[in-house]
Amino acid sequence: MTDPALTNDFPPATEAEWRKRVEGVLKGADFNRKLVARTHDGIEIQPLYAKAEAGDPIVRNEPGAWRVSQRVDHPDPATANELALADLSGGADALTLVVRKAPASRGFGVAIATLDDLDRALADVMLDLVHLRLDAGGHGRQIAALLVALADRRGHALSGLSVDLGLDPLGAMAAMGKLSASWDEVAGRMFETQAGLSERGFAGRIFLSDGRPYHEAGASEAQELAAVLATGIAYLRALEAGGISLDAAGNALAFLLVADADEFLTVAKFRALRRLWARVEQASGLDPRPIRLHAETAWRMTTRRDPWVNLLRTTVATFSAGLGGADAITILPFTTALGLPDAFARRIARNTHLILLEEANLARVADPASGAGGFEALTEALCDNAWALFQAIERDGGIVESLKRGTVQRDIAGTQAQREKAIATRKEPITGTSEFPNLHEGDVSVLMPSPLWNEPTRTDETGSAAASSRPVAPSTFSSLVDRAAKGAGLSELAHSAIGPAPVAIAPLPSLRAAEPFERLRDASDAVLARTGARPKVFLATLGNAAAFTARAGFAKNFFEAGGIEAVMAASGDMLPAYRASGAALICLCSSDEIYRTEGVAAIAALRRDSGAPIYVAGRPAGFETGLTDAGATGFIYAGCDAILVLREAFGRA
């Protein structure tokens, strides 16, 4: 709308005029500090962007709506099948088969030991009508062989199936810390696997370049993109070295990125990967074609506390991945961090897709972010940063050498340290966990509780690659299929994967941002179960409600995020109310003005009467020393290290 009649009487707005008005509101405050945000890659996010010239449109591998993919991850194949059939009848058109002990199984996964197990898990699933992605981790090649044997058993032509086999040996190595043989050996198997599948007419995607191991370890958007690019390049080189054309190698490759609750960065990240891979194809002498790009909502953002908020997070993530051009999206149900999701949580997950697709009509525009100044700027910035990081990995010898040397792990650990600080200081708040916690939330049902919470993370694993196992004679992919069809089990098939010079690296950890606060809440629950009451802090208020309400609310939110219940006297004398509260901690709450006139006396009186640790809500400039000398234990304020303070307070409670 460049010249609508409705706007003829209004002068056009300019950025200069807007800046002038903003500076008036800021009253001398620094514009960049107040209004310009920065990502963990250091990319600036401006408060205002002009309209951008649209670049090349983002095109999905399959035009139209993204596929609604549901995880099949119940350990029992028959029960997994029941849940999968309910998903398909309820609107899903794709399945992600997650196998036991895969990094993405979250402690569960279908127990596939034989071809019959796989047949039971996919009973009555019409493989020629739905899309299937395998998620088998280090057993990808063997599970793929079982699937091919199943297709043969059912009389399906492989050319008629829409399947992503999901073989990602480097992603599995990054997550689990080991590769069963040298990279040269594994690369040779990749070539042989593709050749064997091509002979059988397989037309789907065989290999996957997966961003989840890096995202779960704390990687930034550019770091995740760089690792995915470097992995994809490694697979192309491996296949080309075996004699497969780059064109055919590219057709065998799919990608997976993580979608989280940061709408702008998720949209930009998905758009950026398509542009970056097009640059790789052009540099390889290929004509760029749409890649197959999968999305999965972030494990890193899920919470065990107030899990209902996960519904909001996954909705934003799905919205963003869809707008960014994902071909298929898998939503982690909102109870995933608590355990194996039940039918209700699965239904909510698939209905999230259906509402966005059928009611919001999000897929009716091919590239809705095209030409939007903010999205275009972020997409280009991510492309530049990710390409630079990708080149650094290449200079380090490629993704395999970079992982073996620990360079990738160190770089991501640096970003994760930044995240941990931002989480601890609540600069990056987690709703329902570090902000607005609910100490009285009810239980949420799951089919099985998660086994992960009391287990060490992957950083505690040795990553040893079974050095005592002897290499065996290599098996061709076709021989694996034949043996699977004759009843060979997964363990027997997997034994053939052991090769010379296995690789061991430091594995990337699998982390959730909310874990530090959740551990404090769990400790509080343990105290409650043992004594009948939680640790408590008494909010000692000074002055009238206008003086203390804001800081009392802040203090309640602060302490209860760590499982310390906040209690406050309704009215009357502060000392009798404290004695009746049963609290072992005190937090003084009021305004800076009252702290200056009454704070020292109040702290001295509370100290004499109770001997309890006394915190002060706020950080009164120039008066902290006086309150500390009077007996204040510490100060809680926006930007302080909440995890550190809460751990200390919990120990004193």
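The values are calculated or read from the model by the stated rules, or taken from the named source; none is laboratory data. None of these values were measured; they are calculated from a predicted model. Using ideal geometry, Cβ is built from the backbone for each residue, glycine included, and neighbour counts are taken over all protein chains shown.
With LEU382, LEU354, LEU362 as the choices, which residue is farther than 19 Å from VAL59 by Cα and either crowded, with 19+ Cβ neighbours inside 10 Å or in the same structural domain as GLU224 (by TED's automatic domain parsing) (or both)?
Numbers: LEU382 fails: farther than 19 Å from VAL59 by Cα; LEU362 fails: farther than 19 Å from VAL59 by Cα.
Every option except LEU354 fails the conditions.
Residues that are over 16 Å from LEU332 (Cβ atoms) and either surrounded by fewer than 16 Cβ atoms within 10 Å (Cβ to Cβ) or small (Gly, Ala, Ser) (or both) within segment 62-75 comprise GLU62, PRO63, GLY64, ALA65, listed in sequence order.
In segment 630-647, the count of residues that are within 21 Å of THR531 (Cβ to Cβ), under 37 Å from the mean Cα position of the chain (by Cα), at pLDDT 90 or above and not assigned by TED's automatic domain parsing to the domain that holds THR431 is one or more.
Restricting segment 18-45 to residues that are part of a loop (DSSP other than H, G, I, E, B) and more than 26 Å from the chain's Cα centre (by Cα) leaves a set whose member that is nearest to THR379 (Cα to Cα) is ASP30.
Of all residues in segment 199-235, those that are assigned to a helix (DSSP H, G or I) and modelled with pLDDT of 95 or more total 20.
Criterion first (at pLDDT 95 or above, under 25 Å from ASN310 (Cβ atoms) and of a type outside the set (Asp, Glu)) does GLY432 satisfy it? It is true that GLY432 is at pLDDT 95 or above, under 25 Å from ASN310 (Cβ atoms) and of a type outside the set (Asp, Glu). Of everything in segment 225-250 that's closer than 19 Å to ASP135 by Cα and of a type outside the set (A, V, I, L, M), which residue is farthest from the chain's Cα centre (by Cα)? The extreme case among them is TYR235. For ALA601, state whether it is crowded, with 20+ Cβ neighbours inside 10 Å, outside any strand (DSSP E or B) and out of contact with any Leu (no Cβ under 8 Å at 6 or more places or on another chain). So ALA601 does not fit the description; no. Among what's in segment 606-620 and is part of a helix (DSSP H, G or I) and crowded, with 16+ Cβ neighbours inside 10 Å, pick the residue that is modelled with the lowest pLDDT. Out of the qualifying residues, it is SER610. Of the set (1) modelled with pLDDT of 95 or more; (2) assigned to a helix (DSSP H, G or I), all apply to SER491 but (1).
With respect to the conditions (1) over 23 Å from the mean Cα position of the chain (by Cα); (2) in contact (Cβ under 8 Å) with a residue 40 or more places away in the chain, GLY406 lacks only one, and its number is (1).
A quick yes/no check of all residues on (1) crowded, with 21+ Cβ neighbours inside 10 Å; (2) of a type in the set (Gly, Ala, Ser); (3) in contact with a Cys (Cβ under 8 Å, 6 or more places away or on another chain); (4) more than 26 Å from LEU115 (Cβ to Cβ):
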{"position": "SER475", "(1), (2), (3), (4)": "no, yes, no, no"}
{"position": "VAL481", "(1), (2), (3), (4)": "yes, no, no, no"}
{"position": "GLU492", "(1), (2), (3), (4)": "no, no, no, no"}
{"position": "HIS495", "(1), (2), (3), (4)": "no, no, no, no"}
{"position": "PRO500", "(1), (2), (3), (4)": "no, no, no, yes"}
{"position": "ALA514", "(1), (2), (3), (4)": "yes, yes, no, yes"}
{"position": "PHE517", "(1), (2), (3), (4)": "yes, no, no, yes"}
{"position": "ALA523", "(1), (2), (3), (4)": "no, yes, no, yes"}
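Quick grid of which residues meet (1) within 24 Å of GLY582 (Cβ to Cβ); (2) part of a loop (DSSP other than H, G, I, E, B); (3) touching a residue at least 12 places away in the same chain (Cβ under 8 Å); (4) not small (Gly, Ala, Ser):
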residue	(1), (2), (3), (4)
ALA497	no, yes, yes, no
PRO500	no, yes, yes, yes
ALA506	no, yes, yes, no
SER510	no, yes, yes, no
ARG521	yes, no, yes, yes
SER524	yes, no, yes, no
LEU528	yes, no, no, yes
ARG534	yes, yes, yes, yes
LEU539	yes, no, yes, yes
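Considering the conditions (1) of a type in the set (A, V, I, L, M); (2) under 21 Å from VAL365 (Cα atoms); (3) touching a residue at least 60 places away in the same chain (Cβ under 8 Å), LEU312 is excluded by exactly one of them, (2).
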